[in-house]
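Worksheet: one structure, shown below.
Each value in this text was obtained by applying a stated rule to the coordinates, not by laboratory testing. What you see is a predicted model; the values in this text were computed from it and never measured. Neighbour counts run over all protein chains shown; Cβ positions are idealised from the backbone, glycine included.
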Amino acid sequence: MGNLEINKEGKSVTYYDNVSGYLATPQSNISTSDKALPAVVMIHEWWGLNDNMKEMADQLANEGYMVLAVDLFNGTVAGNPQEAGQLAGAVRDNPSNAISNLQSAVRYLASLENVNSSRIASLGWCFGGGQSLQLALNIEPGFPLAATGLYYGNLVTDQEELSKIKWPVLAIFGNQDQSIPVDQVRQFEESLNATSVPNEIYVYDGVGHAFANPSNDNYAPQETADAWAKTLAFLKKNV
């Protein structure tokens, strides 16, 4: 895609009702024939659409993707775990609104003239990982995804539900995660295999929940770097 430079000039865009997200665009000398870029709906942790998520969007855009970092908390960024839990809980209590938000994000990216609408993926961490999976299970007709990625998000293991997914899934976990036991991860993997959903499931030894967040006490830089390399390879192959 040419020589890409990190773009720290992402912009705020309204993509759903009055909700604004952060749109990161690759900077490059892309020829006219390559203008239809792949794209990613990026979904934040329970902290909200904070600077860390925007930096991740910039980083992924630097790899040649249009990235829309969505906002499921409508402008609120949590300052502590209690507030984060309340915000995430409110979304889980009203799942239809979050699904509509994410569906609108897919439509928004698909509407951009420099995006290939058949090459849109979703990627989320923690709370956002669970939402990434929920988006895959609630896709609008005519707007299929090319891939779904999630880091230690809440799982669905029902085979009938998972059979709705018609594209590859990447899922990354730590074996010390107290909220998502390894047994549940393996059940998720078995259900995907049983329904012929292509998948890449990675479980890192010795790390816990949110190990890929630099601000977290569980942060594991080596495993995070490896997981990110696997994420980029997965997206490059499938999106």
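Only beta bridges with both residues in the chain are counted; by DSSP, about 25 percent of them are antiparallel. Positive contributions from Lys and Arg (+1) and negative ones from Asp and Glu (-1), summed over other residues with Cβ under 14 Å from the Cβ of Leu145, come out at +3.
Peptide packing for 217-223, 133-139 was compared via the average number of neighbouring C-beta atoms within 10 Å per residue; ordered from the highest value, the list is 133-139, 217-223.
Ranked by the mean number of other Cβ atoms within 10 Å of their residues, highest first, the peptides 205-214, 109-118 fall in the order 205-214, 109-118.
Assuming charge only on the beta carbon of Lys and Arg (+1) and of Asp and Glu (-1), the dipole of region 135-229 about its Cα centre is about 240 debye to the nearest 20. The modelled label-to-label distance for the pair Asn97/Glu113, using points 7 Å beyond Cα in the direction of Cβ, is 3.5 nm.
For the peptides 143-152, 49-58, 167-176, the ranking by packing is 143-152, 167-176, 49-58, with the highest mean count of neighbouring Cβ atoms within 10 Å listed first.
The residue list Ala212, Val70, Pro38 was ranked by how far each Cα lies along the charge dipole of the chain toward its positive end, using unit charges on Cβ atoms, and Pro38 comes out on top.
The magnitude of the dipole of the chain, with charges of +1 and -1 set on the Cβ of Lys/Arg and Asp/Glu and taken from the Cα centre, is near 660 debye.
Got a sec? Charge dipole of the chain, +1 on Cβ for Lys and Arg, -1 for Asp and Glu; which of Tyr202, Tyr15, Gln178 is way out at the positive end? Of the listed residues, the answer is Tyr15. Rank Asn116, Ala136, Pro81 by how far each Cα sits towards the positive end of the charge dipole of the chain (+1 on Lys, Arg Cβ; -1 on Asp, Glu Cβ) and give me just the farthest. Result: Asn116, furthest along the dipole toward the positive end.
In a reduced charge model with +1 at each Lys and Arg Cβ and -1 at each Asp and Glu Cβ, region 33-174 shows a dipole moment near 280 debye about its Cα centre.
Lysine pair count for the chain (Cα-Cα distance under 21 Å; residues 8 or more apart in sequence or on different chains): 11. Calculate I(q)/I(0) for the chain by the Debye formula, one identical point scatterer on each C-alpha and no solvent, and give its log10 at q = 0.07, 0.10, 0.12, 0.17 Å⁻¹ to two decimals. Cα-only, vacuum Debye calculation for the chain: -0.20, -0.42, -0.62, -1.33.
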